[in-house]
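Trainee: The structure that follows is given in the form of structure tokens.
Where a number appears in this text, it was derived from the coordinates with a stated rule and is not lab data. Given the structure is predicted, the values throughout are model-derived calculations rather than measurements. A quick note on method: Cβ atoms are made from the backbone with ideal geometry, for glycine too, and the neighbour counts reach across all protein chains shown.
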2 protein chains.
Amino acid sequence: MNTKLDWGEMMDLNIPSFLRNQGIKASYQRIRIYEYLMNNRTHPTVAEIYNALITDIPSLSKTTVYNTLNLFVEKELVEEVTIEGSEMRYDIKDPEGHGHFKCTQCHRIFDVPVQIEKIFTDELSEFHVQAQFVHFVGICPDCLKKNS
Amino acid sequence: MNTKLDWGEMMDLNIPSFLRNQGIKASYQRIRIYEYLMNNRTHPTVAEIYNALITDIPSLSKTTVYNTLNLFVEKELVEEVTIEGSEMRYDIKDPEGHGHFKCTQCHRIFDVPVQIEKIFTDELSEFHVQAQFVHFVGICPDCLKKNS
DNA sequence: TCTAATTTTGTATTCATTACAAGTTTATCA
DNA sequence: TGATAAACTTGTAATGAATACAAAATTAGA
Ligand SMILES: [Mn+2]
Ligand SMILES: [Mn+2]
Ligand SMILES: [Zn+2]
Ligand SMILES: [Zn+2]
């Protein structure tokens, strides 16, 4: 039998120690917010995270959600998804990196694999690239099926 | 001698008729806002456009800048650049398409060529892609030089 | 346990964007 | 040309995401 855990499994099992490893105190609120992002890969907004957790954590403040997400972004555990003009969206940062697809019809945001290396050009060699983001906009397979 | 004008030259010469061709009434404000975007490829915010034009057009309202840009986006003359979380930025839409690089030090946003085709993957064939955006974040050549 | 540091919370504030209605300009037609 | 409607612009009010700030609560260290 295989006892080796992958990245996702490891953090699922022990979020508190993962957070501590990243130099973050594992408060109850932080654990629950991180856990929510792990289990809901839907690129939620602050409001969505808050509304999902408020029943379980009646004392939760929206400010805490903002503070926590900003901390996670700073520590590079979480990525801001700026695919919308209105509200910021958040996503667990995965080491490989992936792109996003926004469906104009159902408004869902999908993960899509992207070959990041291939988009680099000669011109970019002069720049020091620290992060890259690829966004697509269009109609998702589900909505295409419904339309036809 | 060559009398053929390219896309940029054509619109430089006659913005009003270009706008009318796109089904947009060529009001003075609209012409000046489009002209500003043509001459300032710096991905300006609404506030920047407004502040640049207010001395020439003392009656100008910020609402008009918003209305006009939203109209241009709708008619696909202009593209929203959602590289910042705070303010929307605007860019003349060019047929070939290009990526953007945000320098974390001088906060400028640069155009960078991108081979869009190369980022498509098999997974995406199920989606109907209408637009794609590539953003980089890092340090620009100027700032790299200053740092060293 | 006592004390300091950290975290959470609630409220007030900021500010980009939109909503709306009134004023102004432009187009249409007799 | 002059009247009338349509389109556009403007100013102000409203919305709402995000931050600032200070007090309350929790945690860590001595
Ligand atoms: Mn994602
Ligand atoms: Mn550009
Ligand atoms: Zn869809
Ligand atoms: Zn720079």
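Trainee: P(r) for chain B: what percent of alpha-carbon pairs falls in each 5 Å bin, starting at zero?
Mentor: Calculated P(r), rounded to whole percents: 2, 8, 16, 17, 18, 16, 12, 8, 4, 1, 0.
Trainee: Still on this structure, please answer the following. Scan chain B and note any complete DSSP helix (H) whose C-alpha atoms cover at least 15 Å along its axis and whose Kyte-Doolittle average is 0.0 or more.
Mentor: B:62-74
Trainee: Restricting the count to DSSP beta bridges whose residues both fall in segment A:99-147, what percent are antiparallel, rounded to a multiple of 5?
Mentor: 50
Trainee: Looking at chain A, how many pairs of lysines come closer than 28 Å at the Cα, when each pair is eight or more places apart or spans two chains?
Mentor: Here the count comes out as 17.
Trainee: When Lys and Arg each count +1 and Asp and Glu each count -1, what net charge do the other residues less than 11 Å away from A:Val73, Cβ to Cβ, add up to?
Mentor: Counting the neighbours of A:Val73, the net charge comes to -3.
Trainee: Can you classify segment B:16-86 as rounded, prolate or oblate using the Cα gyration tensor, where a ≥ b ≥ c are the square roots of its eigenvalues, rounded means a/c under 1.5, and otherwise it's prolate if a/b beats b/c and oblate if not?
Mentor: Note, shape of segment B:16-86 comes out oblate.
Trainee: Still on this structure, please answer the following. Report for chain A the percent antiparallel among DSSP-assigned beta bridges with both residues inside it, nearest 5.
Mentor: If we restrict to bridges inside chain A, about 65 percent are antiparallel.
Trainee: Could you work out how far apart the two model spin labels at A:Asn14 and B:Glu87 are, taking each label as a point 7 Å from the Cα in the direction of the beta carbon, and quote it in nm?
Mentor: Between A:Asn14 and B:Glu87, the label points sit 4.7 nm apart.
Trainee: Would you mind ranking B:Thr64, A:Thr42 so that the residue whose beta carbon has the fewest other beta carbons within 10 Å leads the list?
Mentor: Placing the least packed residue first, the sequence is A:Thr42, B:Thr64.
Trainee: Just need the relative contact order of chain B here, percent rounded to a whole number, with Cα pairs under 8 Å and 6+ apart.
Mentor: 17
Trainee: Also, quick follow-up: Kindly write out, for segment A:115-127 in residue order, the coupling ³J(HN,Hα) from the Karplus curve 6.51 cos²θ - 1.76 cosθ + 1.60 (θ = phi - 60°), rounded to whole Hz, with x marking Gly and Pro.
Mentor: So the J values, rounded to whole Hz, are 8, 4, 3, 5, 8, 5, 10, 4, 3, 6, 5, 6, 9.
Trainee: Continuing with this model, one more query. Quickly estimate the mean residue ellipticity at 222 nm for chain A, helices only: each DSSP H run with n ≥ 4 gives -39500 (n - 2.57), and the total goes over all residues, rounded to 500.
Mentor: It comes out at -10500 deg cm²/dmol, rounded to the nearest 500.
Trainee: May I pose another question? For segment A:47-70 and segment A:88-127, what is the centre-to-centre distance using only Cα atoms, to the nearest Å?
Mentor: If we compute the Cα centre of each part, the gap is 26 Å.
Trainee: Given the options B:Gln29, B:Gln115, B:Gln130, state which has the largest fluctuation in a GNM of chain B using a 10 Å cut-off (strictly under) for Cα springs.
Mentor: B:Gln130
Trainee: Sticking with this structure for a sec: All other residues with a Cβ under 9 Å from the Cβ of A:Ile24 taken together, and with Lys, Arg as +1 and Asp, Glu as -1, what is their net charge?
Mentor: +4
Trainee: Same structure, new question: So, with +1 on the Cβ of K and R and -1 on the Cβ of D and E, and no other charges, what is the size of the charge dipole of segment A:9-138 about its Cα centre, to the nearest 20 debye?
Mentor: The dipole magnitude comes to about 580 debye.
Trainee: By counting other Cβ atoms within 10 Å of each Cβ, how are A:Lys102, B:Lys93, A:Lys145 ranked from fewest to most?
Mentor: The order, fewest Cβ neighbours first, is A:Lys145, B:Lys93, A:Lys102.
Trainee: Here is a follow-up. If you take every residue apart from B:Thr42 with its C-beta less than 11 Å away from the C-beta of B:Thr42, what net charge results, scoring Lys and Arg +1 and Asp and Glu -1?
Mentor: Once positives and negatives cancel, what remains is 0.
Trainee: Taking the DSSP beta bridges in the protein assembly as shown as the whole, what percent of them are antiparallel, to the nearest 5?
Mentor: About 80 percent, rounded to the nearest 5.
Trainee: Another question about this same structure. Along the charge dipole of segment B:10-108, pointing to its positive end and built from +1/-1 on Cβ of Lys, Arg, Asp and Glu, which listed residue (B:Pro16, B:Met38, B:Leu77) has its Cα farthest out?
Mentor: B:Pro16
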